[in-house]
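K.L.:
Pasting in a structure now, in structure tokens, and then I'll have a few things to ask.
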Amino acid sequence: MQDDFSSTDFSVHGPKAFFSNMPLSKTLTMNIDVPEPWLVEPVVAIHDLDNILLENLGDVRTLQAVYELEALLLTGHCMEKDREPPRGLQFILGTKQRPHLVDTLVMSNLGYWQMKVSPGVWYLQLAPGRSADLYELPSKLIAIDSLRGKLLHIEVQKKKGKEHEDLLNADDDNHVQEKTDNKGWNTNLLKWASSFISGDASLKKKAEKNTVSISSDLKDARQGETINIFSVASGHLYERFLKIMILSVLKKTERPVKFWFIKNYLSPQFKDVIPHMALEYGFEYELITYKWPTWLHKQKEKQRIIWAYKILFLDVIFPLSLRKVIFVDADQIVRTDMGELYDMDLKGRPLAYTPFCDNNKEMDGYRFWKQGFWKDHLRGRPYHISALYVVDLAKFRQTAAGDNLRVVYETLSKDPNSLSNLDQDLPNYAQHTVPIFSLPQEWLWCESWCGNATKAQAKTIDLCNNPMTKEPKLQGAKRIVPEWVDFDAEARHFTARILGENVEEIAEAIPPSSESDAPKPDHDDSSQDAKDEL
């Protein structure tokens, strides 16, 4: 079916699809089913596509959205001759003039690797450093000349005299130094696209929106090593929380900050506002994505897919030059300089989480990890909360932690009774093989699990769901965190100014029914730390 879109208002003037007897009071999500090699995103949508209530759309009951094919996938499987897949082997992709535009590493899981590309001619080769020192692979010319993407099967072999050297257990941490500007593939691809496809303003604009660097005068205001913070949000409500989290980080942190957001689930409105917010407040950001591999057991509920993105692809979703990142929940308020956490010695462990508080005695009956299966499995280790954690990416890749987590996930996820709290259960279950450094308790406080006596020392406050009261997040935020109201007002005024709307319209964009956490666990919570399945 070929749809004809108006060039002025993006309305559809071609064939339409009509659905009758749709439930008016149920929360729905709009998504499209696309070919596997396609990466598609919404670029125009007035309504919240993650929380659609038809009864709120008026008598017309009509919703429109425009999606765009952002990129294609170049995927493959790499094997070492007569051996297991060379896990941790690093590839770079680019042109003859700029050989390093995209990078990735080979998983031990089927030797799988993935890169995001546009149509054109590309060169694939081993990354400089440990990979190129140990292995042989002639540069491969790859033509992306159709919308089907490309699947490659690659065989490599060790160089003579290097047969017994280990790729991962190296002193250099198996690290690729970015030789350009360390802004990821989008900035470099923008330079390439501008010279290769002259006059293509739409491609240039799309690449610019994925990566924003701040001006030199704003950089001078913040000194020191950049702190990298990673987060994910789905739906207008959690994007509202996300802006507040960003402001709370910037108000307390003195060093440069770069935020990394998973692009898959961001609304067009947020992607329109965030470049202006970055320039106004002096931070960098990058939008990242990774297509769920076909061989990995897929979750059916969108919420669980989002939880999985917090943990399953940490070794491959960031540029290989990035060495450390902190995950911060969208619905979290930061009350301290994040440089302290960024610089913390993790004692050689790839992950660092905060254990759950245990001083709110009213919640003792909900602490499932203190009894039964979890008590036996943990064998004295703490059960950690996933709302805030540090990833030493260099150590994470060097120890193949991502491969280990995916193996555990694949083993457990097919049982519907396992990994009910996916983003949290998985690292806690796997901590015998992927060790976790336990952060001091003050790094994460939430009212549901922690006593009020420790609130004053809290370095971050998370709006955890309370399985006892099921209080809506917005209501709890205003009551629990005094500074939240001012941050929210500031973010809403800024958003309204950028979008040319008034503050009341921005507030009304969040329907009251989407504030409730209990009824819709598959839609409403980008980081539900104490799920209702307890």
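K.L.:
With the dipole of region 207-515 worked out from charges on the C-beta (+1 for Lys and Arg, -1 for Asp and Glu) around the Cα centre, which of Gln457, Gln332, Leu346 lies farthest toward the positive end?
P.N.:
Leu346
K.L.:
Report the Cα centroid-to-centroid distance between region 417-442 and region 73-148 in angstrom, as an integer.
P.N.:
First find each Cα centre; the distance between them is then 31 Å.
K.L.:
Let me spell out the model: positive unit charges on the Cβ of Lys and Arg, negative unit charges on the Cβ of Asp and Glu, origin at the Cα centre of region 71-162. What dipole size does that give, in debye rounded to 20?
P.N.:
On the way: 14 positive and 8 negative charges, 32 e Å.
It comes to approximately 160 debye.
K.L.:
Once you put a point 7 Å from the Cα of Leu151 and another 7 Å from the Cα of Lys478, both along the Cβ direction, what distance in nm separates them?
P.N.:
5.3 nm
K.L.:
Between Thr354 and residues 5 or more places away or on another chain, which pairs have amide H atoms under 5 Å apart, with H built 1.01 Å from N, and which residues are they?
P.N.:
Correct list: Ile385, Leu388, Leu439.
K.L.:
For region 132-140, what does the Karplus curve 6.51 cos²θ - 1.76 cosθ + 1.60, with θ = phi - 60°, yield as ³J(HN,Hα) per residue in whole Hz, taken in order and with x for Gly and Pro?
P.N.:
Once rounded to whole Hz, the list reads 6, 6, 9, 10, 10, 7, x, 4, 9.
K.L.:
When DSSP assigns beta bridges and you keep just the ones with both residues in region 207-515, what percent turn out antiparallel, to the nearest 5? Spell out each step's value before the answer.
P.N.:
Details: 15 of 31 bridges.
Counting only bridges with both partners in region 207-515, antiparallel ones make up about 50 percent.
K.L.:
Can you compute 3J(HN,Hα) from phi for each residue in region 374-383, using the Karplus curve 6.51 cos²θ - 1.76 cosθ + 1.60 with θ = phi - 60°, rounded to whole Hz and x for Gly and Pro?
P.N.:
Working through the residues one at a time gives 5, 4, 5, 6, 5, 6, x, 6, x, 9 Hz.
K.L.:
I would also like to ask the following. Taking a ≥ b ≥ c as the square roots of the eigenvalues of the Cα gyration tensor of region 337-482, is the shape rounded (a/c under 1.5), prolate (a/b larger than b/c) or oblate?
P.N.:
Details: a/c = 1.91, a/b = 1.27, b/c = 1.50.
Since a/c reaches 1.5 but b/c is at least a/b, the shape of region 337-482 is classed as oblate.
K.L.:
Using amide H atoms built 1.01 Å from N in the peptide plane, name the residues 5+ places from Trp295, or on other chains, whose amide H lies under 5 Å from its own.
P.N.:
Correct list: empty.
K.L.:
With each pseudo-label sitting 7 Å past Cα toward Cβ, what's the Arg83-Thr62 distance in nm, one decimal?
P.N.:
It works out to 6.2 nm between the two label points.
K.L.:
Under a 5 Å amide H to amide H cut-off, with H placed in plane at 1.01 Å, what residues pair with Ala330 once short-range neighbours are removed?
P.N.:
Placed amide hydrogens put Val232 under 5 Å from Ala330.
K.L.:
Turning to a different aspect of this structure: Among the listed pairs Lys116/Lys324; Lys96/Lys395; Lys302/Lys370; Lys26/Lys473, which are separated by more than 27 Å between their Cα atoms?
P.N.:
Values: Lys116/Lys324 22 Å; Lys96/Lys395 31 Å; Lys302/Lys370 29 Å; Lys26/Lys473 20 Å.
Exceeds cut-off: Lys96/Lys395; Lys302/Lys370.
Every number in this text was worked out from the coordinates using simple rules, so none of it is lab data. Here the structure is a predicted model, which is why all the values come from computation and not from measurement. FYI the Cβ positions are ideal-geometry reconstructions off the backbone, even for glycines, and counts take in every protein chain you see.
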